[in-house]
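Reviewing the structure listed below.
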Amino acid sequence: MTTMSYVHGAHPTPLIGETIGAYLDLIAVRYGQHDALIVAHQNVRWTYSQFQQRVHRLAAGLLKLGLQPGDRVGIWSQNCAEWVLTQFATAKAGLIMVNINPAYRRSELEYVLDKVSCSALILSPSFKSSDYLAIVQDVVPEIAASRAGQLQSSRLPQLRHIIRLGSAATPGMHNFDALMEGITEADLAYLQEVSATLQFDDAVNIQFTSGTTGAPKGATLTHHNILNNGFFIGEAMRLSERDRLCIPVPLYHCFGMVLGNLACVTHGAAMVFPGEGFDPKAVLETVQAERCTGLHGVPTMFIAMLDHPDFAQYDLSHLRTGIMAGSPCPMEVMNRVIDLMHMAEITIAYGMTETSPVSFQTSIDDPRAMRVASIGRVHPHLEVKIIDAEGRIVPRGEKGELLTRGYSVMQGYWGDPEKTAEAIDAARWMHTGDLAVIDADGFCSIVGRSKDMVIRGGENIYPREVEEFLYRHPGVLDVQCVGVPDARYGEELCACIILRPGHEATTSDDIRAFCSGQIAHYKVPRYVRFVEAFPMTVTGKIQKYLLRQQVATELADAG
């Protein structure tokens, strides 16, 4: 009898039936004196008891502003202690945290705040080249003449509260630290009343994924989704209260807040942040200073650390495990990480935001070759099948689209029932768009993408979103964006543009300048090619794979 490409992660450990806030309280009782959060660049070092107390005070402070369970609270910031507090405080108070990519610019910020009707926005004053305060003041100019908490924006009528990090004062904005001041026993009692009404199937987090048809979509995740996924990720790494996990990946993404924070918290392990953003030297210094036992990163991060000129000077001997994810890992890189960074138990994880995110992960016991050639076996309590174009399950070893079903599948895209129905079918299978093969032993390999997604250094770019933006340029008649190979980032984006008559003087720099400050830097095309036409089928459909080949060949010849 032919074995079909269907796998089920039957597991003796049951799913957690708690909200994130309730589970944190249990962990704080069990591991109260253990380190919970260490943020090197902020000199933060909190035990689980101290962390829990701050979470409760912030949660009570958010409710004291008049926010109600179910209200959306955006956070637009680099990695910092306040981000982690916000993740757990919003969960405790029944609020829905909306992750806003630090690389977003004006148009993206306004779209996100409007799409999910954010009632509050927590933001850093600035990060790298972004002046977040100036951008927000441009989006909601009414803030300058408003009292804190009484914003009335014509563009964003739901937005009432802007909360800034740091000690300086900005007109119309609350200060983050002030929210935790003056919290009374009555405030904390009210928080517990609210917390007791929450259900684990309540939405707790919205993460925006770039859309194949233009605007980003808000994947809506529940307590049950991400708490359980974080727990079983940690189980695969064999985390315990003795572990200290270095997290240099961004918090706004599932990699940081689920594979990092929730994997740690569910096991009483320490969350260790080496900086606001990734810096290889800071990571190496932090791993050594804090004797970290685990380290997360995308392949480009590990490459940057291994190739740092001072790499050999650092003591990384306490490292044991971690996760490499975000893009395919070359065997040579994996071998160097295991041998030179002492990460004999490193694992590979695969998933997507819409599935909370991990659905496959290698085991620390898997042979080294399988930790590169595959994405491991199906995660506990999840189902996966591989189907052909007609929707039928294919035999083991045959290629098809990977579908996931189970506790991890999102509620849906916020405010987009049609897009949700396109992604999740009537039987609750999430269609990933990835092409995969499952072998006789249940190991899965990703062999392609049925979508046009470009993965640049672990960041997903959907060409359609960039194309929609570029159509706003007065000189662009038509545009197609494709991914091209890149030694550093895996892929880079190339915009192939047909110019309108009379705009022949438009240059590549003009196109990039048009994008700058309006869309995230990683979405700005590295390459711009002006063409007369696109390769087409006889029925008039653009053949992107041919366009991709043409551009890749041109760039290789030019390089």
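The values are calculated or read from the model by the stated rules, or taken from the named source; none is laboratory data. Every value quoted in this text rests on a predicted model; they were computed, and no experiment measured them. When we count neighbours, we look across all protein chains shown, and the Cβ atoms used for this are built from the backbone with ideal geometry, even at glycine. When the accessible area is computed, the model is the full protein with side chains, heavy atoms only, and any ligands, DNA or RNA have been set aside. Shrake-Rupley method; radii C 1.70, N 1.55, O 1.52, S 1.80 Å.
Any idea which residue in region 225-275 is nearest to H381 (Cα to Cα), counting only those that are within 14 Å of the chain's Cα centre (by Cα) and small (G, A, S)?
Ranking the candidates gives G230 first.
One line per residue, one yes/no per condition, for (1) in contact with a Phe, Trp or Tyr (Cβ under 7 Å, 6 or more places away or on another chain); (2) modelled with pLDDT under 95:
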{"residue": "G66", "(1), (2)": "no, no"}
{"residue": "G74", "(1), (2)": "no, no"}
{"residue": "E82", "(1), (2)": "yes, no"}
{"residue": "F127", "(1), (2)": "no, yes"}
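Based on this model, can you work out whether L319 counts as over 23 Å from the mean Cα position of the chain (by Cα) and surrounded by 21 or more Cβ atoms within 10 Å (Cβ to Cβ)? First the steps, then the outcome.
Numbers: over 23 Å from the mean Cα position of the chain (by Cα): yes; surrounded by 21 or more Cβ atoms within 10 Å (Cβ to Cβ): yes.
It is true that L319 is over 23 Å from the mean Cα position of the chain (by Cα) and surrounded by 21 or more Cβ atoms within 10 Å (Cβ to Cβ).
Can you find a residue that is of a type outside the set (V, I, T), under 18 Å from the mean Cα position of the chain (by Cα) and assigned to a helix (DSSP H, G or I) anywhere in region 127-134?
Checking region 127-134: not a single residue is of a type outside the set (V, I, T), under 18 Å from the mean Cα position of the chain (by Cα) and assigned to a helix (DSSP H, G or I).
Tally the residues that are of a type in the set (G, A, S) and part of a loop (DSSP other than H, G, I, E, B), restricting the search to region 9-42.
Let us first name the residues in region 9-42 that are of a type in the set (G, A, S), namely 9-10, 17, 21-22, 28, 32, 36, 40.
Of the ones still in play, those that are also part of a loop (DSSP other than H, G, I, E, B) are 9-10, 17, 32.
Of the residues in that region, 4 qualify.
Residues to consider are A427, A487; find the one that is free of Cβ contacts under 8 Å to residues at least 24 places away in the same chain, surrounded by fewer than 17 Cβ atoms within 10 Å (Cβ to Cβ) and closer than 30 Å to I303 by Cα. So that I can check it myself, show each step before the final result.
On the way: A427 fails: closer than 30 Å to I303 by Cα.
Result: A487 is the single residue among A427, A487 that is free of Cβ contacts under 8 Å to residues at least 24 places away in the same chain, surrounded by fewer than 17 Cβ atoms within 10 Å (Cβ to Cβ) and closer than 30 Å to I303 by Cα.
Return the residue satisfying two criteria in turn: it lies in region 391-407 and is within 18 Å of I438 (Cβ to Cβ) and in a loop (DSSP other than H, G, I, E, B), and of such residues it is most open to solvent (accessible area, probe 1.4 Å). Spell out the reasoning first.
Kept after step one, since they are within 18 Å of I438 (Cβ to Cβ), are these residues of region 391-407: 391-406.
So of that shortlist, the ones also in a loop (DSSP other than H, G, I, E, B) come out as 391-392, 394, 396-399.
Working: G391: 40, R392: 164, V394: 7, R396: 60, G397: 50, E398: 92, K399: 127 Å².
In this case the residue turns out to be R392.
Matching residues to (1) farther than 30 Å from V7 by Cβ; (2) in a strand (DSSP E or B); (3) among the acidic types (D, E):
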{"residue": "A427", "(1), (2), (3)": "no, no, no"}
{"residue": "T432", "(1), (2), (3)": "no, yes, no"}
{"residue": "N460", "(1), (2), (3)": "no, yes, no"}
{"residue": "V466", "(1), (2), (3)": "yes, no, no"}
{"residue": "H473", "(1), (2), (3)": "yes, no, no"}
{"residue": "E491", "(1), (2), (3)": "no, yes, yes"}
{"residue": "I498", "(1), (2), (3)": "yes, yes, no"}
{"residue": "R512", "(1), (2), (3)": "yes, no, no"}
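Within region 84-111, take every residue that is charged (D, E, K, R) and modelled with pLDDT of 95 or more and give me the one that is farthest from the chain's Cα centre (by Cα).
Applying the first criterion (charged (D, E, K, R)) to region 84-111 yields 92, 105-106, 108, 110.
From the residues that got through so far, the ones that are modelled with pLDDT of 95 or more too are 92, 110.
Details: K92: 21, E110: 19 Å.
My answer is K92.
Table: residues versus (1) within 23 Å of S408 (Cβ to Cβ); (2) surrounded by fewer than 23 Cβ atoms within 10 Å (Cβ to Cβ).
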site	(1), (2)
G32	no, yes
N43	no, yes
F51	no, no
R54	no, yes
K64	no, yes
N101	yes, yes
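Would you mind stating whether L188 is within 16 Å of T86 (Cβ to Cβ) and open to solvent by 10 Å² or more (accessible area, probe 1.4 Å)?
On the way: within 16 Å of T86 (Cβ to Cβ): no; open to solvent by 10 Å² or more (accessible area, probe 1.4 Å): yes.
Spelling it out, it is not the case that L188 is within 16 Å of T86 (Cβ to Cβ) and open to solvent by 10 Å² or more (accessible area, probe 1.4 Å).
So which residues in region 444-454 are within 19 Å of the chain's Cα centre (by Cα) and at pLDDT 85 or above?
Matches in region 444-454: V454 only.
Could you look through region 191-215, keep only residues that are of a type in the set (D, E, K, R) and within 29 Å of F255 (Cβ to Cβ), and pick out the one that is surrounded by the fewest Cβ atoms within 10 Å (Cβ to Cβ)?
Going residue by residue through region 191-215, those that are of a type in the set (D, E, K, R) are 193, 201-202.
Next cut, within 29 Å of F255 (Cβ to Cβ) only: 201-202.
Values: D201: 14, D202: 17.
Per the stated criteria, the residue is D201.
Looking at region 460-484, which of the residues that are open to solvent by 40 Å² or more (accessible area, probe 1.4 Å) and more than 25 Å from G400 (Cβ to Cβ) is nearest to the chain's Cα centre (by Cα)?
Filtering region 460-484 for residues that are open to solvent by 40 Å² or more (accessible area, probe 1.4 Å) and more than 25 Å from G400 (Cβ to Cβ), the one nearest to the chain's Cα centre (by Cα) comes out as E468.
Checking D177 against (1) surrounded by 12 or more Cβ atoms within 10 Å (Cβ to Cβ); (2) in contact with a Gly (Cβ under 8 Å, 6 or more places away or on another chain); (3) more than 23 Å from Y111 (Cα to Cα), which test does it fail?
(2)
Pick out the one residue from M324, M352, M370 that is surrounded by fewer than 24 Cβ atoms within 10 Å (Cβ to Cβ), touching a strand residue (DSSP E or B) at 6+ places or on another chain (Cβ under 7 Å) and not acidic (D, E). I'd like the intermediate steps shown before the answer.
Working: M324 fails: surrounded by fewer than 24 Cβ atoms within 10 Å (Cβ to Cβ); M370 fails: touching a strand residue (DSSP E or B) at 6+ places or on another chain (Cβ under 7 Å).
Among M324, M352, M370, only M352 is surrounded by fewer than 24 Cβ atoms within 10 Å (Cβ to Cβ), touching a strand residue (DSSP E or B) at 6+ places or on another chain (Cβ under 7 Å) and not acidic (D, E).
Could you tell me whether region 136-157 includes any residue that is small (G, A, S), assigned to a loop (DSSP other than H, G, I, E, B), at pLDDT 95 or above and closer than 24 Å to D416 by Cβ?
Taking region 136-157 first, the residues small (G, A, S) are 144-146, 148-149, 153-154.
Among the residues that remain, those that are also assigned to a loop (DSSP other than H, G, I, E, B) are: 146, 148-149, 153-154.
This time we only want the ones that are at pLDDT 95 or above, so: 146, 148-149, 153-154.
If we keep only those that are closer than 24 Å to D416 by Cβ too, we end up with 153.
The answer is yes, given that some residue of region 136-157 is small (G, A, S), assigned to a loop (DSSP other than H, G, I, E, B), at pLDDT 95 or above and closer than 24 Å to D416 by Cβ.
Search region 408-424 for residues being open to solvent by 50 Å² or more (accessible area, probe 1.4 Å) and of a type outside the set (A, V, I, L, M), and hand back the single one that is farthest from S356 (Cα to Cα). Steps first, answer last, please.
Here is the first cut: in region 408-424, the ones open to solvent by 50 Å² or more (accessible area, probe 1.4 Å) are 411, 414-415, 417-419, 421-422.
Next, only the ones that are of a type outside the set (A, V, I, L, M) stay: 411, 414-415, 417-419, 422.
On the way: Q411: 10, W414: 15, G415: 19, P417: 19, E418: 20, K419: 18, E422: 18 Å.
The qualifying residue farthest from S356 (Cα to Cα) is E418.
What residue, among those in region 500-542 that are open to solvent by 40 Å² or more (accessible area, probe 1.4 Å) and in contact with a Phe, Trp or Tyr (Cβ under 8 Å, 6 or more places away or on another chain), is farthest from V466 (Cα to Cα)?
The qualifying residue farthest from V466 (Cα to Cα) is I542.
When only residues in region 152-170 that are among the hydroxyl-bearing types (S, T, Y) and free of Cβ contacts under 8 Å to residues at least 24 places away in the same chain count, which is most open to solvent (accessible area, probe 1.4 Å)? Explain how you work it out, then say what you get.
First pass over region 152-170, keeping only residues among the hydroxyl-bearing types (S, T, Y): 153-154, 167, 170.
With the extra rule that they be free of Cβ contacts under 8 Å to residues at least 24 places away in the same chain, the set shrinks to 153-154, 167.
Values: S153: 8, S154: 97, S167: 120 Å².
Restricting to residues being among the hydroxyl-bearing types (S, T, Y) and free of Cβ contacts under 8 Å to residues at least 24 places away in the same chain, the top hit is S167.
Looking only at region 1-24, which residues are surrounded by fewer than 18 Cβ atoms within 10 Å (Cβ to Cβ) and either under 24 Å from E82 (Cβ atoms) or of a type in the set (S, T, N, Q) (or both)? Walk me through it before giving the result.
Looking only at region 1-24, we keep the residues that are surrounded by fewer than 18 Cβ atoms within 10 Å (Cβ to Cβ), and these are 1-4, 6, 8-15, 17-18.
Of everything in region 1-24, those that are surrounded by fewer than 18 Cβ atoms within 10 Å (Cβ to Cβ) and either under 24 Å from E82 (Cβ atoms) or of a type in the set (S, T, N, Q) (or both) turn out to be T2, T3, T13.
Here is a list of conditions, (1) touching an Asp or Glu at 6+ places or on another chain (Cβ under 8 Å); (2) open to solvent by 10 Å² or more (accessible area, probe 1.4 Å), and G294 meets all of them except one; can you say which number that is?
Among (1) touching an Asp or Glu at 6+ places or on another chain (Cβ under 8 Å); (2) open to solvent by 10 Å² or more (accessible area, probe 1.4 Å), G294 violates only (2).
Identify, from the list P535, P501, P525, the residue that is in contact with a helix residue (DSSP H, G or I) (Cβ under 8 Å, 6 or more places away or on another chain) and either among the polar types (S, T, N, Q) or at pLDDT below 90 (or both). Talk me through it step by step, then tell me what you get.
Details: P501 fails: in contact with a helix residue (DSSP H, G or I) (Cβ under 8 Å, 6 or more places away or on another chain); P525 fails: either among the polar types (S, T, N, Q) or at pLDDT below 90 (or both).
Result of the check over P535, P501, P525: P535.
Kindly establish whether A270 is open to solvent by 10 Å² or more (accessible area, probe 1.4 Å) and at pLDDT 95 or above. Walk me through how you get there before you give the answer.
Values: open to solvent by 10 Å² or more (accessible area, probe 1.4 Å): no; at pLDDT 95 or above: yes.
Considered against the rule, which asks whether it is open to solvent by 10 Å² or more (accessible area, probe 1.4 Å) and at pLDDT 95 or above, A270 comes out as no.
For region 112-120, state whether one or more residues are open to solvent by 40 Å² or more (accessible area, probe 1.4 Å) and at pLDDT below 95.
No, the conditions are met nowhere in region 112-120.
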